[in-house]
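Input: a single structure, listed below in structure tokens.
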Amino acid sequence: MIAELGHFALILAFCVAIVQALVPLIGAQKNWSGWMAVAEPAASAQFLLIALAFGALTHGFVTSDFSLRLVYENSHTDKPMLYKISGVWGNHEGSMLLWVLTLALFGAAAAWFGGALPPRLKARVLAVQAWIGVAFLGFILFTSNPFLRLPEAPFNGRDLNPLLQDPGLAFHPPFLYLGYVGLSMAFSFAVAALIEGRVDAAWARWVRPWTLAAWIFLTIGIALGSWWAYYELGWGGFWFWDPVENASFMPWLLAAALLHSAIVVEKREALKSWTILLAIMAFGFSLIGTFIVRSGVITSVHSFANDPERGVFILGILAFFVGGALTLYAARASEMQAKGVFSMVSRETALVINNILLAVSALVVFVGTVWPLVAEMAWGRKLSVGAPFFEKAFTPFMIALAIVLPLGAMMPWKRARLGKLVRPLAPAFVLALACAGLAWSLETGRTLLAMVATGLGSWIIFGAMADLWVRAGRKAARLMRLPRADWGKAAAHSGLGIVFTGIGLLMAGQVEDIRVAQIGQPFVVAGYQITLDKVEEVEGPNYTSHTATLRVEQDGRLITTLHPEKRAYPVQAMPTTEADIDNGFLRDIYLVIGDPQDGGGWAVRTYIKPFANWIWAGCLMMAFGGLLSLSDRRYRVAAGARKSAPLAATPAE
């Protein structure tokens, strides 16, 4: 009965979304206040109905209602409660329900907190958001119904994919969806502005908080996914350039470009076309990611479905919204004339360079991701595009971005003189050179990677500090009086510098050792003496495990004892590798136990990974910087103080 109630709520939400998509749009066109006012209660009702449906599906998983096909295929009575709940979105149908719930949440939030928006713009934004909801609710109801019943309820379920039974993967999808789907608000604002024919500073200030919120969530979601891959898959890497990883990374790059582009629109009334196009493409790449994950066209450990028919449906949604928005963009191009004039050396130019580098980086990732598919369709050749391509094609743009970033952040608007930047940035440059030299000496000249990455990362970090110092008038007492947005920008840029440094030092200095370890016989890796004491068979809640005990010593002193596992899930008949890691500020000791060997002993992989945790610390710092900026009062009040008086609305006839 509860499942049927959830299904009915989903149908009602679909009907409400249709009303929200049509009535406010007509009202805004006719200037009928009553029709425009429908948008707010409709957005709230749509969210509440989808939340009810999501709650009904969650109830089915928590209570192990195996009469629901989705619960039967993705749950089991012995599964821990956390994974029963995360099983709701650990599959195609449930994850799509989470997708539309997030979409409705952003629409409802715009209705609740968009009081400063002009009525026409608000009505159009919520209507466009509802059109997206109509498309995806229809997709769920007609192709991916999560509430289908089985003729006879089985005694138990098939269990969730063991790779997804992990805390990192429990929280990774919700954060990723808040980022993915949150970019729909930037898209809705862009399309509403194109319909209205007005893109100005006030519009840019309205759209920036929504884009910033989506970017924060996307940053956290990507970091969680990278962290999960690092410790769960047992291969010791943090980024595989997997198609689904790339699908989340491309919108992140474009959202970062959109944030910077909107600043120029707000401050200088320039780059309007750039900003609108980035808003369309950022959400467009989110839809591309949805297509990649669910169509089966590209194989990935992260994929939810392998159904070409569903893929065609999503491809149609992508073509309709992105194609329609680009057509409207072309029709309105003449009305997005830039007002601000700036010289070649100015903050505006620096932000243009920033946007070009980020956009081209996203294009490089896109080409590398889809090229195997294009090659197979066009020439019948199976190709694999891996890390070497991405590292060679993507890295130069990131190096250029790191060089430009501190300079552009400190340039004045309209016109700048590079000579005036030398004095405040000279200490940052000297410190960056010193850090690069230190990295070179510690790596004993083995590779330039550590030196270059440390130098660039330090340049970004110390450049952000120099920017804060100049903004405070070179007086420490004024630092705490700076706006939170300034501190947020410095924190986000510094986080990026930390990520640069961590990746470079990790890739340059990591040590890998693979061997057959005998019980009680120590071996040495990078100065650490490691001894396999024992391997025990352990019973877990829904798995059996071979759990190893390995002592790690250095100079006769015990550093840590680690317990990596090799698990087997009998229901899914699938093994998983559970690495154990001794995390440290300067290095990780990463141990993986493999299979028993015919000649005795066990396969053991050992990694010594310097500065690995700096990568995720930098990502968290970037997200924290975004939160600081979002908490700035100027974001909270949006453009209320600058809002022009809306045109008088007439009652509907």
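The values are calculated or read from the model by the stated rules, or taken from the named source; none is laboratory data. Given the structure is predicted, the values throughout are model-derived calculations rather than measurements. As a convention, Cβ positions derive from the backbone with ideal geometry for all residues, glycine included, and neighbour counts pool all protein chains shown.
Summary table
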read-out	value
Of all residues in the stretch 382-420 being in contact with a Pro (Cβ under 9 Å, 6 or more places away or on another chain) and farther than 27 Å from Ser494 by Cβ, the one that is modelled with the highest pLDDT	Val385
Of residues in the stretch 112-131 being buried (at least 24 other Cβ atoms within 10 Å of the Cβ) and hydrophobic (A, V, I, L, M, F, W, C), the one farthest from Trp206 (Cα to Cα)	Ala130
Count of residues meeting criterion [assigned to a helix (DSSP H, G or I) and either closer than 10 Å to Leu148 by Cβ or in contact with a helix residue (DSSP H, G or I) (Cβ under 6 Å, 6 or more places away or on another chain) (or both)] in the stretch 58-71	7
Test: residue in the stretch 469-476 that is out of contact with any Leu (no Cβ under 6 Å at 6 or more places or on another chain), within 30 Å of Ser631 (Cα to Cα) and β-branched (Val, Ile, Thr)	yes
Test: residue in the stretch 240-252 that is touching a residue at least 24 places away in the same chain (Cβ under 8 Å), buried (at least 24 other Cβ atoms within 10 Å of the Cβ) and farther than 30 Å from Tyr590 by Cα	yes
Matching residues in the stretch 124-182 - criterion: being hydroxyl-bearing (Ser, Thr, Tyr) and within 19 Å of Ser67 (Cα to Cα)	Ser144
Index of the failed condition, Val88 passing every other in (1) in a helix (DSSP H, G or I); (2) under 20 Å from Leu141 (Cβ atoms)	(1)
Residues that are hydroxyl-bearing (Ser, Thr, Tyr) and touching a residue at least 12 places away in the same chain (Cβ under 8 Å), drawn from the stretch 358-399	Ser361, Thr369, Ser384
Subset of the stretch 56-100 (residues that are within 22 Å of the chain's Cα centre (by Cα) and free of Cβ contacts under 8 Å to residues at least 40 places away in the same chain)	Val88
Inter-residue pairs, beta-carbon under 9 Å, first farther than 14 Å from Gln510 by Cα and in the stretch 595-623, second surrounded by fewer than 21 Cβ atoms within 10 Å (Cβ to Cβ) and acidic (Asp, Glu), 6+ apart	Trp602/Asp595; Ala603/Asp595; Val604/Asp513
Per-region count, the stretch 347-405, residues in a loop (DSSP other than H, G, I, E, B) and surrounded by 15 or more Cβ atoms within 10 Å (Cβ to Cβ)	1
Evaluation of Arg415 against (1) touching a residue at least 24 places away in the same chain (Cβ under 8 Å); (2) part of a helix (DSSP H, G or I); (3) of a type outside the set (S, T, N, Q) (one fails), failing number	(2)
Members of the stretch 528-547 that are over 30 Å from Gly157 (Cα atoms) and either touching a Leu at 6+ places or on another chain (Cβ under 8 Å) or surrounded by fewer than 19 Cβ atoms within 10 Å (Cβ to Cβ) (or both)	Gln529, Ile530, Thr531, Leu532, Asp533, Lys534
Number of the condition not met by Gly473 [criteria: (1) assigned to a helix (DSSP H, G or I); (2) of a type in the set (Gly, Ala, Ser); (3) surrounded by fewer than 18 Cβ atoms within 10 Å (Cβ to Cβ)]	(1)
Filter result for Val23 (among the aliphatic types (A, V, I, L, M), in contact with a Lys or Arg (Cβ under 6 Å, 6 or more places away or on another chain) and at pLDDT 95 or above)	no
Residues satisfying the stated conditions in the stretch 530-550, i.e. assigned to a strand (DSSP E or B) and under 35 Å from the mean Cα position of the chain (by Cα)	Thr544, Ser545, His546, Thr547, Ala548
Subset of the stretch 132-164 that is among the aromatic types (Phe, Trp, Tyr) and surrounded by 20 or more Cβ atoms within 10 Å (Cβ to Cβ) - its residue that is farthest from Phe283 (Cα to Cα)	Phe147
Residue in the stretch 165-203 that is nearest to Ser261 (Cα to Cα), counting only those that are among the β-branched types (Val, Ile, Thr) and out of contact with any Gly (no Cβ under 9 Å at 6 or more places or on another chain)	Val199
Criterion violated by Trp227 - all others in (1) among the aromatic types (Phe, Trp, Tyr); (2) over 19 Å from Glu391 (Cα atoms); (3) over 14 Å from the mean Cα position of the chain (by Cα); (4) surrounded by fewer than 22 Cβ atoms within 10 Å (Cβ to Cβ) satisfied	(3)
Subset tally (residues that are closer than 16 Å to Ile503 by Cβ and either out of contact with any Leu (no Cβ under 8 Å at 6 or more places or on another chain) or part of a loop (DSSP other than H, G, I, E, B) (or both)) for the stretch 231-257	8
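Residues checked against (1) touching a strand residue (DSSP E or B) at 6+ places or on another chain (Cβ under 6 Å); (2) over 16 Å from Pro522 (Cα atoms); (3) among the polar types (S, T, N, Q):
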| residue | (1), (2), (3) |
| --- | --- |
| Leu586 | no, yes, no |
| Ile589 | yes, no, no |
| Val592 | yes, no, no |
| Gly600 | no, no, no |
| Val604 | yes, no, no |
| Ala612 | yes, yes, no |
| Cys619 | no, yes, no |
| Ala623 | no, yes, no |
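Residues are listed down the side, and each one gets a yes or a no for (1) assigned to a loop (DSSP other than H, G, I, E, B); (2) under 20 Å from the mean Cα position of the chain (by Cα); (3) modelled with pLDDT under 95; (4) not small (Gly, Ala, Ser):
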| site | (1), (2), (3), (4) |
| --- | --- |
| Gly138 | no, no, no, no |
| Ala153 | yes, no, yes, no |
| Pro174 | no, yes, yes, yes |
| Val199 | yes, no, yes, yes |
